[in-house]
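This report refers to the structure that appears directly beneath it.
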Amino acid sequence: MLLFEFAAAISATVYYKKYKSTPLKWMLPLLWYIAINEFTCHILLAPYRFEILYNFYEVIVCLGLLIITRLHLSHHTRIAIANVLIIISAIAFTITAITQDPFKDWPVFSFTLSTILIIIALTLYLVEQLKSNKIAAYTRDIFLWVCIGFLIFHISYPVIMFSRYFLVMDSVFIYEAIFLIQFIAVIACYGTIAFGFYRGVHSATLIKRTL
């Protein structure tokens, strides 16, 4: 799974020239952060449980995706909705940091909320593209592929995490089933993102080509 996370980050790096002057440039450090954080938690610090790293991960990835998505929206109503989502997320994470110990506790509430907010924000962008008159051209939009990849992940990830924390894991079948779901979700997510950077161009370039 780490291989695909690093593949997405490497693909974003190799094709950085395609989008370096656009808001999508902030996706590059975010993808590298995701890959390095996962490597740190699951390889370097595998024998230990550093909740603080997972909690920081939730904050950075959630706010990062929300902000990047907001920068890609053009309709004023959807921009306003995205701004509200960012504010709600920031407030939720602040409340969680005050009421729970980030070094010991897994923030169930803020995790659930952040997942919902990300899905809403990414859906806003997809709706905006579907309503455009150039949807055929926009199928090559890099951020459209990124949205699809992260939607795959964030729709399936809550099921995986809640299963791990709340289900009885003494069943080998349940454990293997959850691992398989996670494996497929990660491959589908980051494989889609890596392919998007390889195949696609930024929407600003598409606009120029279709005028």
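The values are calculated or read from the model by the stated rules, or taken from the named source; none is laboratory data. Predicted, not measured: the structure shown is a model, and the values here were computed from it. Heads up, the Cβs are rebuilt from the backbone with ideal geometry, glycines too, and the neighbour counts pull from every protein chain shown.
Odds and ends about this structure:
- In region 34-56, the residues that are without any contact (Cβ under 8 Å) to a residue 24 or more places away in the chain and closer than 16 Å to Phe150 by Cβ: Asn37
- Only listed residue being more than 19 Å from His154 (Cβ to Cβ) and modelled with pLDDT of 95 or more, chosen from Ile87, Ile91: Ile87
- Taken residue by residue, region 32-51 has no member that is at pLDDT 90 or above and surrounded by fewer than 14 Cβ atoms within 10 Å (Cβ to Cβ).
- Condition met for Tyr190 (part of a helix (DSSP H, G or I), surrounded by 15 or more Cβ atoms within 10 Å (Cβ to Cβ) and either of a type in the set (Lys, Arg) or at pLDDT 85 or above (or both)): yes
- Residue check, Phe109 loosely packed, with under 15 Cβ neighbours inside 10 Å, under 28 Å from Leu126 (Cβ atoms) and among the aromatic types (Phe, Trp, Tyr): yes
- Flag if Leu180 is modelled with pLDDT under 90 and aliphatic (A, V, I, L, M): yes
- The lone criterion from (1) without any contact (Cβ under 8 Å) to a residue 60 or more places away in the chain; (2) exposed (fewer than 14 other Cβ atoms within 10 Å of the Cβ) left unmet by Ile88 is number (2).
- Scanning region 62-85 for residues that are of a type in the set (Gly, Ala, Ser) and crowded, with 19+ Cβ neighbours inside 10 Å turns up just one, Ala82.
- Of the residues making up region 91-105, those that are among the hydrophobic types (A, V, I, L, M, F, W, C) and loosely packed, with under 15 Cβ neighbours inside 10 Å are Ile91, Ile95, Ala97, Ile98, Phe103.
Rundown of residues vs (1) modelled with pLDDT of 75 or more; (2) surrounded by fewer than 18 Cβ atoms within 10 Å (Cβ to Cβ), yes/no style:
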| position | (1), (2) |
| --- | --- |
| Thr123 | yes, yes |
| Val127 | yes, yes |
| Lys131 | yes, yes |
| Lys134 | no, yes |
| Ile142 | yes, no |
| Ile155 | yes, yes |
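- Of the helices (runs of 4 or more DSSP H) contained entirely in region 1-111, those carrying at least 3 residues that are among the small types (Gly, Ala, Ser) fall at 2-14, 76-99.
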